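Here's the structure we're looking at; comments come further down.
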Amino acid sequence: QVQLVESGGGLVQAGGSLRLSCAASGRTFSRYAMGWFRQAPGKEREFVASISWIGGTTVYADSVKGRFTISRDTAKNTVYLQMNSLKAEDTAVYYCAAGPVAGGRDVEYGYWGQGTQVTVSS
């Protein structure tokens, strides 16, 4: 079992920045790929970014490429999502997830956090 707890969400003006954190506990964190997903009201959950557990390869959705950065600190069992140049359309509940591969589909991840709200005012 892996337990995931997100933090760092909040209200920010357009153009601002936030850093989300996802603290993991339980089974060996370093052996899991990690992903960030988000879900806006009335929309399906969508992939944001992922990072592999071998080599730290990162993948981003086109909508956040160049603005968001995913990283992980294995010593702290934590994965981060640095979000810069935020836009109103980034408003959503953000979830971190852990799974065997760094895929772009939510079905590829077996463990999920409870989510953290990010609201970007325009």
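The values are calculated or read from the model by the stated rules, or taken from the named source; none is laboratory data. Note that this is a predicted model, so its numbers are computed, not measured. Neighbour counts are summed over all protein chains in view; Cβ atoms, including those assigned to glycine, are modelled from backbone coordinates with ideal geometry.
When residue 97 is tested against (1) surrounded by 14 or more Cβ atoms within 10 Å (Cβ to Cβ); (2) not in a strand (DSSP E or B); (3) not hydroxyl-bearing (Ser, Thr, Tyr), only condition (2) is not met.
When residue 117 is tested against the conditions (1) under 13 Å from the mean Cα position of the chain (by Cα); (2) surrounded by 15 or more Cβ atoms within 10 Å (Cβ to Cβ); (3) assigned to a strand (DSSP E or B), the lone failure is (2).
Residue-by-condition table, conditions (1) assigned to a strand (DSSP E or B); (2) surrounded by 15 or more Cβ atoms within 10 Å (Cβ to Cβ); (3) at pLDDT below 95:
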site	(1), (2), (3)
6	yes, yes, no
12	yes, yes, no
25	yes, no, yes
43	no, no, no
48	yes, yes, no
54	no, no, yes
80	yes, yes, no
93	yes, yes, no
101	no, no, yes
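Taking residue 58 as the residue in question, decide whether it is over 18 Å from residue 8 (Cα atoms) and hydroxyl-bearing (Ser, Thr, Tyr). Judged against the criteria, residue 58 is a match.
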